[in-house]
Each structure stands twice: as C-alpha cells, then as structure tokens.
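Report on the following structure.
The values are calculated or read from the model by the stated rules, or taken from the named source; none is laboratory data. Owing to the predicted nature of the structure, the values given are computational and were not obtained by experimental measurement. Glycine also receives a Cβ, built like all others from the backbone with ideal geometry; neighbour counts cover every protein chain displayed. In case anyone asks, the SASA skips ligands and DNA or RNA and just uses the protein heavy atoms, side chains included. Shrake-Rupley method; radii C 1.70, N 1.55, O 1.52, S 1.80 Å.
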Amino acid sequence: MKKLRFLVSLTTRDNDYQLEQAAAAQDTARRLGTDLEILYADNDAITQSTQILKAIQVAPELRPDAIVFEPVGATALPQVARTAVGAGICWAVLNREAEYLAELRKTSRIPIFSISSDHKEIGKIQGQQFAALLPRGGSILYIQGPSENSAARDRTAGMHSALPSKIQVTALRGQWTEESAYKSISSWLRLNLAHKGGIDLIGAQNDAMAMGARKSFQALTNVGEREQWLRIPYTGVDGLPKTGQTWVRTGTLKATVVVPSNAGQAITMIVDAMKTGSGVPEHSYTVPSSFPELEKLAR
C-alpha cells in the first residue's frame, strides 16, 4: 500500500486540548508511517472551509488521502465533505455528529465517520462534580462554549441533568480559549449585578476557560475582593496530563473531566480500514472520567 497522506484541521492553537489533538495525530502518523499536515482555523469556520477546499482542489497526486477535522462552526461543512468524498478522500469528523454522514456512506465505500467525546456524559460528570463540591447547594458561575457549538450545548444539557435543584447556575459564554473567558468574566464583573449575591463555584466547559476566569479575578485591584474570588473552587474539562490534571494537583483547579483526544484514533481507524478493507462504524465515542474520582472529590 502506498504511503498515505493525512490532513488534520483543528480549530485553534489557543487551546490545550487542540494542541493535544495535534500531538496525538503526529505521534500516530509517525507510528503508522503516514504523512501528515496540520492546519489551524483560528476559530473561524470560513477559514476552515477555505483551507480544506484548497487542499482538495489541487492536482490528484497532491491531494490528501484522508481529512480529519474538528469543526469550528455550527455545521460540520457538509458541502466540503461532499467535495472531498467525491474526490475519493476519506472523511472523519471529530467531536461532532454530522447528519450528512449517513448519506455519504450510502454512495461511497471509503471510510466516512465521526469519532467524538460523549459530550452529554462530560456535562453529566461535571454536574456530579458540582454536586459533590456543593453538598448544601449554592450558586455557580458557568462558562459555556459558543452557542452554535453542539458540544457546548450537549455539555450544558448533561450538566443540568445531574445538577441538584438546590444549585443555581449563572451562564456566561466563551470561545474555548483562556482569553475569551478572561474577557467574558471581566465584562460580567463590570455589571452591578455581578457583585450581588454570592457565587460559590466557577465551572467552565474546558480547562482553558477555567484558567481564564481565574486570571480575570486575579487582576482585581481590590485585595479583599480578589482573595474572596480566588478562594472558591474552579473546575474545567479536558484533563490533559500536563495542564488540567497538573492544575488539579497544584490546587489551581479543584476538578476536571478527562476527555481522551481522538485525532490519533481517527487516523488509526482509517489506516486499518484501508489496509484490511474492513468497515468503520458511522459514529464512535470515547469515554470521559472525573479527575479526581467523584468519591475523592466528595470527601
């Protein structure tokens, strides 16, 4: 079999999970002896679409054999997917279910699939963490991902499914980056309402935004107010060994949810399918877990 060429399209460099996705893809490509190009879309769906189309619309000998991508926008680029598959390029969607996959799989035998974290389960675990940290109830400031992003919506739904009624939630929006959460918290603090009523916990839908929230409170000039905000627990999601898990061990975060990276798994699935001629499931899911374990967190 010829040496396969992969294109991996990720959302941004400003997110530790996306960097972990890139590292996993690179490690897998080296192990399997495939060529790899990684592109970042700077959190812009048009940029992502343009980058991928540019890679497809070249001479056939220069095209990638497979495209693995994590969508930026609300859709998973259905028109781009059709163009890629029409050119004989394998197509894998990360961390998103794409309705058009079933249609494409009916007309092509190449690997076309999605592999995702179970975002509702991630949210459920985070809701269980909130309940463990606030056994008497309380108020949470909850930083979500973009409103158009299905992963953010599913994490929110999962969180509410596990949250006791005695815990109240105030929601803010971020863009999965530390800087976006910093700005969101800073804007919230400028509102008079931000200083009314106690907040007992800061929860974010990823670790980068949790750290951005902490940095926003660290920037407060009022020492007493700053110390009060930094005493409460902060939690996130992603739980990478060098960032989220380390921040929990050092006490910067109280908890995180470990989300396995899946870019490397997608590459492996495509290579195995092309070598053996076997099929690939339309949807596959990785399994998240609480860090620390919920029992330890409750203690």
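Give the cross-link partners of K124 among the lysines, using a straight C-alpha distance below 20 Å as the criterion and excluding same-chain residues fewer than 8 apart.
Partners found: K166, K254, K296.
With just the Cα atoms defining each centre, how far is region 205-252 from region 1-29? Give it in Å.
28 Å
How much FRET efficiency would the formula 1/(1 + (r/R0)^6) give for D27 and T246, where r is the Cβ-Cβ distance and R0 is 22 Å, rounded to 0.05?
On the way: r = 20 Å, r/R0 = 0.90.
E(calc), rounded to 0.05, equals 0.65.
With +1 on each Lys and Arg Cβ and -1 on each Asp and Glu Cβ, how big is the dipole of region 44-166 about its Cα centre, in debye rounded to the nearest 20?
Working: 13 positive and 11 negative charges, 61 e Å.
So the dipole magnitude of region 44-166 works out to roughly 300 debye.
Work out the charge dipole of the chain with +1 on the Cβ of Lys and Arg and -1 on the Cβ of Asp and Glu about the Cα centre, then indicate which of S147, A84, A132 is farthest towards its positive end.
Going by the charge dipole, the pick is A132.
Can you compute the charge dipole magnitude of the chain about its Cα centre, using +1 on each Lys and Arg Cβ and -1 on each Asp and Glu Cβ, nothing else charged? Give it in debye, rounded to the nearest 20.
Values: 33 positive and 29 negative charges, 73 e Å.
Dipole of the chain, to the nearest 20 debye: 360 debye.
If a/c stays under 1.5 just call it rounded; otherwise compare a/b with b/c (prolate if a/b is bigger, oblate if not). Do that for region 106-211, with a ≥ b ≥ c from the square roots of the Cα gyration tensor eigenvalues.
Verdict is oblate for region 106-211.
Looking at the chain as a GNM with Cα springs under 10 Å, which of R13, R190, R226 has the largest mean-square fluctuation?
R190
Excluding residues on the same chain fewer than 8 positions from K215, give the aspartates and glutamates whose Cα lies under 16 Å from its Cα.
The qualifying aspartates and glutamates are D14, E178, E179, D207, E225, E227.
Which is farthest toward the positive dipole end of region 103-236 among Q218, S186, L172, measuring Cα position about the Cα centre, with Cβ charges +1 (Lys, Arg) and -1 (Asp, Glu)?
L172
Given a 1.4 angstrom probe, I'd like the percentage of the accessible area of the chain that is carbon and sulfur, rounded to a whole number.
Numbers: 6760 of 13690 Å².
Solvent-exposed carbon and sulfur of the chain make up 49 percent of the total.
How large is Rg over Rh for region 160-299, taking Rg from the Cα atoms and Rh as the Kirkwood inverse mean of 1/r across Cα pairs? Show your work: numbers first, answer last.
Values: Rg = 18.7 Å, Rh = 17.2 Å.
Here the Rg-to-Rh quotient is 1.09.
When Lys and Arg each count +1 and Asp and Glu each count -1, what net charge do the other residues less than 15 Å away from I110, Cβ to Cβ, add up to? List each step's numbers first, then the result.
Values: positive: K2, R5, R63, R82, R105, K106, R109, K275; negative: D65, E103, D272, E282.
So the environment of I110 carries a net charge of +4.
Of R249, R231, R63, which is the most mobile in a GNM of the chain whose springs link Cα atoms less than 10 angstrom apart?
Looking only at R249, R231, R63, the largest GNM fluctuation is found for R231.
Determine the relative contact order of the chain: mean sequence separation of Cα pairs under 8 Å and six or more apart, normalised by residue count, in whole percent. Don't skip to the end; give the middle numbers.
Values: 588 pairs, mean separation 58.6, N = 299.
Normalised by residue count, the contact order of the chain is 20 percent.
What shape does region 4-74 have by the C-alpha gyration tensor, where a ≥ b ≥ c are the square roots of the eigenvalues, rounded means a/c under 1.5, and otherwise prolate means a/b greater than b/c and oblate the rest?
Here region 4-74 falls in the oblate category.
Please label the shape of region 153-218 as rounded, prolate or oblate, based on the square roots a ≥ b ≥ c of the eigenvalues of the alpha-carbon gyration tensor (a/c under 1.5 means rounded; beyond that, a/b larger than b/c means prolate, else oblate).
Numbers: a/c = 2.08, a/b = 1.20, b/c = 1.74.
Since a/c reaches 1.5 but b/c is at least a/b, the shape of region 153-218 is classed as oblate.
Around A171, what is the net charge, scoring Lys/Arg as +1 and Asp/Glu as -1 over all other residues with Cβ under 12 Å from its Cβ?
Numbers: positive: R153, R155, R173; negative: none.
Every neighbour counted, the sum reads +3.
Counting C-alpha atoms alone, how compact is the chain: give Rg to one decimal and Dmax as a whole number, in angstrom.
Looking at the chain, its Cα Rg and Dmax stand at 20.5, 66 Å.
Cα atoms only: what Rg and Dmax, in Å, come out for region 62-121?
According to the Cα coordinates of region 62-121, Rg and Dmax are 11.3, 40 Å.
Express as a percent, rounded to the nearest 5, the fraction of DSSP beta bridges in the chain (both residues included) that run antiparallel.
Numbers: 3 of 40 bridges.
If we restrict to bridges inside the chain, about 10 percent are antiparallel.
Going 7 Å from the Cα of R173 in the Cα-to-Cβ direction, what parts of region 115-158 have a backbone nitrogen less than 17 Å from that spot?
Answer for this model: 142-157.
So if each residue of separation counts as 0.36 nm, and I subtract the Cα-Cα distance between A157 and E282, what length gain in nm does that give?
42.7 nm
Provide the net charge surrounding P292, with neighbours chosen by a C-beta distance below 10 Å and charges set as Lys +1, Arg +1, Asp -1, Glu -1. Don't skip to the answer; put the middle values down first.
Details: positive: R249, K254, K296, R299; negative: E293, E295.
Overall, the nearby charge balance is +2.
Nearest 10 degrees is fine. How inclined is helix 119-133 to the longest principal axis of the chain, computing both from alpha carbons?
20 degrees
Which one, P281, P292, A25, projects farthest toward the positive side of the charge dipole computed for the chain from Cβ point charges (K/R +1, D/E -1)?
Selected residue: P292.
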